[in-house]
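The structure under discussion appears below in the form of structure tokens.
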Amino acid sequence: MPSHDVLIIGAGLAGQRAALAAAQAGASVAVMSKVHPVRSHSVAAAGGINAAISVADDWRSHAYDTVKGSDFLGDQDAIEVMCSEAPHEVMHLEHIGVTFHRNDEGELDLRAFGGASLKRTAYVADITGQAMLHVLYEQLMRHHETVDLYEEWFTTCLMLDEDGRCGGVIARDVRSGRLQAFAAKNVILACGGAGQVYKPTTNGLIVTGDGIALAYRAGAPLMDMEMVQYHPTTLVDSGILITEGARGEGAHLLNAQGERFMEKSAPNKMELASRDVVSRAEQIEINEGRGVGPGGQGLYLDVTVVPRKRTLEALREIVNLGKDFAGVDITREPIAIRPGQHYIMGGVKTDIEGRTPIEGLYAAGEVACVSVHGGNRLGANSLLDTLIFGRRAGEHAAARASAMAMPSLDSKPHMRREEERIEGIIARPREGRRVSEIKHELGEVMNSEAAVFRSEQALRRAQETIARLKEETDSAWIDDRGTVFNQDVLGAIELGFMVDCAEATVLAALERTESRGAQFRTDFPERNDEEWLKHIDISLNGDGPQVSYSPVTITQWQPEERTY
Ligand SMILES: Cc1cc2nc3c(=O)[nH]c(=O)nc-3n(C[C@H](O)[C@H](O)[C@H](O)COP(=O)(O)OP(=O)(O)OC[C@H]3O[C@@H](n4cnc5c(N)ncnc54)[C@H](O)[C@@H]3O)c2cc1C
């Protein structure tokens, strides 16, 4: 059985940064990914990465903005770590080859982003994630003697020993269908988020909550799962993202009457208030009949106020997206957008070293909840989160590995169980519902009942639907009965992961009877610090989720009213 000091599941920015750190610390490392590493979803990240680099800035200001953006639910010790380490991390990336945009003086250029008190977002046009991911991949190849890459391998479950320690994973080779056990002293989950639980979403088809469900099923608690970010500017029909970089460059939001409606809810920051605030303001305009386009379901993003030369230079990717997916030249006319699912603040609960409560199991990146984003993530803080906590998890896991022997774990029962499970899916009779139908219904119910505005009634409807979909998932059938590149069977496994994530999200949203960050309860419209300045943790108890609470860590910023 292949064995490694540090086995990382996921080759996005969090996974690759963890791998680089662990390899540099002398560990034997493996990175497993269900797609080729540079096709990981981090490649889609557009607008940039935050760091208090400018001489006018200070990491404490970045930390305060992040705390405020989180609606005071973020853990301040973790936020301090992230923001204080940010400048060094971004400069490190520059030094290893990321071609960040420079200004006329030759300094790193910084653009404005939502919720930030000054310009602190470093960027590579609007392809920042791609630029970073490719450079990290290049760096990893330099460590090819100690870093193994399992490309197009799909992790189906974690292996725990009799004492509940994580000692490896079972994975399926996507190309051949072969199942294989992998032993590891430490496993780092870096599997990304769960955007596909919603329809539409800005996230790619591969973002199906696998890591969250893998950890949850192994007994690790999930935290802040109710906090789901709707991004203010996604294309009305497809849900494709138009980066916040557009508003950072000065674009306006307009309703059907041509008003810059953000004046009403964020008179100081206007379009650059935090995402939860802007998305809510947009949804109110739509609900109250001031929307644009078919059914009044959109609003206008007007990029024409940005000098055309600048748009073509710094936002060239969304110029193409506008043309290709909406038939609109954004340099000449406004484009219809609306709030759309984009990011999940919640995930696998970890400490600032990436450790979960399961010994030997770490998590970093969007799969994890440290919690640096709390109730609402600031734009351009996710790339930072992936790098800082990916690196820290990699370093910690490597150090732990150097002081221990390879766990002796009998993989046979795990292998047998997974083989039976997968063969069972492939052999299901063609009756009942297809995987794709169930996935579609799940996405739609989440988008209608657990979106920008929530209520007990709507969440209960979602809960009932999810319970039914969970049952249907257990018998959902697939077309492909083969072994080679059987994406159908992987889709069925992913559907199970997504249902777990949806169930935890809705339960936590029902539990939190207040409005904070991205969770706005129309039946509880106020923030209630007395009762709810705490995290909701969800753990698996038998077959179902169980709720508990954990405190929010406050170091220097007491909760206050949040205005922009
Ligand atoms: C369109 C878009 C634009 C964005 N722009 C920005 C931005 O400008 N700035 C910013 O800060 N944030 C941005 N974000 C958010 C940010 O890109 C993501 O949160 C971040 O890249 C997630 O990185 P990650 O490493 O955690 O996961 P990912 O990059 O999603 O990687 C997940 C990895 O896990 C692997 N994996 C998953 N499940 C399995 C499994 N079962 N078996 C094996 N491998 C598995 C995948 O193959 C992949 O390699 C954007 C997001 C989107 C959708």
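Legend: P(r) of the chain from all alpha carbon pair distances, 20 Å bins from 0, whole percents, reading 23, 58, 19, 0. The trypsin sites (Lys or Arg not before Pro) of region 407-471 meeting both criteria, a DSSP state outside H, G, I, E and B (loop) and at most 12 other C-beta atoms within 10 angstrom of the site's C-beta, are Arg430.
For His144, His440, His373, the ranking by accessible surface with the largest value first comes to His144, His440, His373, using a 1.4 Å probe.
Loop sites here are GluC sites (Glu not before Pro) outside DSSP states H, G, I, E and B with no more than 12 other Cβ atoms within 10 Å. The longest part of the chain free of them is 289-430. For the chain, adding -39500 (n - 2.57) for each run of n ≥ 4 DSSP H residues and dividing by the number of residues yields -11500 deg cm²/dmol at 222 nm. Overall, the accessible surface of region 372-453 at a probe of 1.4 angstrom is composed of carbon and sulfur to the extent of 51 percent.
The string of couplings for region 335-351 from the Karplus curve (6.51, -1.76, 1.60, θ = phi - 60°) is 10, 7, 9, 7, x, x, 4, 9, 7, 10, 6, x, x, 6, 5, 9, 9 Hz, one whole number per residue in order, with x for Gly and Pro. Taken per residue, the accessible surface of the chain reaches 37 Å², heavy atoms only and a 1.4 Å probe.
Classified by the C-alpha gyration tensor, region 378-487 has an oblate form. Its axis ratio a/c, with a ≥ b ≥ c, is 1.5 or above, and a/b does not exceed b/c. Share of region 262-315's accessible area from carbon and sulfur, percent, 1.4 Å? Answer for region 262-315 is 52 percent, counting heavy atoms of protein chains only. Hey, what angle do you get for helix 13-24 against the long axis of the chain, alpha-carbon based, 0 to 90 degrees rounded to 10? Once rounded, the angle reads 60 degrees. Have a look at the DSSP beta bridges in the chain and tell me what percent are antiparallel, nearest 5. Here the antiparallel bridges make up roughly 65 percent for the chain. Plainly put, region 171-329 has a radius of gyration that is 1.08 times its Kirkwood radius, both from alpha-carbon atoms, as the Rg/Rh ratio. Against the chain, whose longest principal axis comes from its Cα atoms, helix 128-142 is set at around 30 degrees.
Can you tell me the alpha carbon radius of gyration of region 134-201 divided by the globular rule-of-thumb value 2.2 N^0.38 Å? For region 134-201, the normalised Cα radius of gyration is 1.37.
The string of couplings for region 540-553 from the Karplus curve (6.51, -1.76, 1.60, θ = phi - 60°) is 7, 10, x, 9, x, x, 10, 9, 9, 10, 9, x, 7, 7 Hz, one whole number per residue in order, with x for Gly and Pro.
Note on region 481-530: with neighbouring protein chains present and a 1.4 Å probe, carbon and sulfur make up 51 percent of its accessible heavy-atom surface.
Cα centroids of region 474-506 and region 242-288: 37 Å apart. Near Ile188, the amide H atoms lying under 5 Å from its own belong to Leu7, Ile8, Ile9, Tyr362; only residues 5 or more places off or on other chains count, and H is placed 1.01 Å from N. Counted over all Cα-Cα pairs of region 78-146, pairs farther apart than 16 Å make up 57 percent.
Remark: for residue pairs Lys349/Lys439; Lys323/Lys439; Lys34/Lys323; Lys68/Lys269; Lys349/Lys470; Lys349/Lys534, the C-alpha separation exceeds 22 Å in Lys349/Lys439; Lys323/Lys439; Lys34/Lys323; Lys349/Lys470. When you restrict to C-alpha pairs under 8 Å that are six or more residues apart and normalise by the size of the chain, the relative contact order lands at 22 percent. In the chain, the longest principal axis of the Cα atoms and the axis of helix 456-473 are about 30 degrees apart.
The values are calculated or read from the model by the stated rules, or taken from the named source; none is laboratory data. Here the structure is a predicted model, which means the values were calculated and not measured. Backbone-built Cβ (ideal geometry, glycine too); neighbour counts: all protein chains shown. For the accessible areas, the whole protein counts, side chains as well, though only heavy atoms, and no ligand, DNA or RNA atoms are used. Shrake-Rupley method; radii C 1.70, N 1.55, O 1.52, S 1.80 Å.
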